[in-house]
Amino acid sequence: MKGKILIAVSIALLVTGCTSVGVTPVNNFAAKPASCQLDIYVSESDIQRSYQTACLIDSRTGTTAFHRKNAAAAIDHARAEACGCGADAMLINATDTQGVTMTTWGQGKAIIQAIRYND
C-alpha cells in the first residue's frame, strides 16, 4: 500500500506546477494584440529611445518534467502580458534558472520591465 502511495505522489509531482506570470501595472496604456512584436533589451543603456514603464512582470515557468524550464521560456511566457500592458519592448532586469531538486524539476524565472516608447 505504501508503494502505491509513493507512486501516486511521484506522478503528482511530475505533472503539477503551472507557469505563472505576475503583472504590476505602472501606467495605463492601451493593450496591443497578444502576439505583438516586442524589442528585447538586456541593459537600459541599450535603449536609444525615450520610454515609460508600462508594467512590471514576474514570469516563472512550470516545474513539471514536461515544461521548458529556462529563463528564455520565462521571457516567452511574459510576451503576451507585455503586449497586454501596451508595451513596445521588454527590458530584462533579471533571470534565473533553478535546477532539479527533491521537490521540483527546475524552473526558469525572469523579472521584466515592459516599456512603451514615447515617440
(request) Can you give me the number of residues within region 67-108 that are at pLDDT below 80 and under 20 Å from C36 (Cα atoms)? (result) 0
(request) Considering every residue within region 51-66, establish whether at least one is open to solvent by 60 Å² or more (accessible area, probe 1.4 Å), at pLDDT 70 or above and of a type in the set (G, A, S). (result) no
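The values are calculated or read from the model by the stated rules, or taken from the named source; none is laboratory data. Everything numeric here is computed off the predicted structure, so don't read it as measured data. SASA here: full protein model, heavy atoms, side chains in, ligands and nucleic acids out. Shrake-Rupley method; radii C 1.70, N 1.55, O 1.52, S 1.80 Å.
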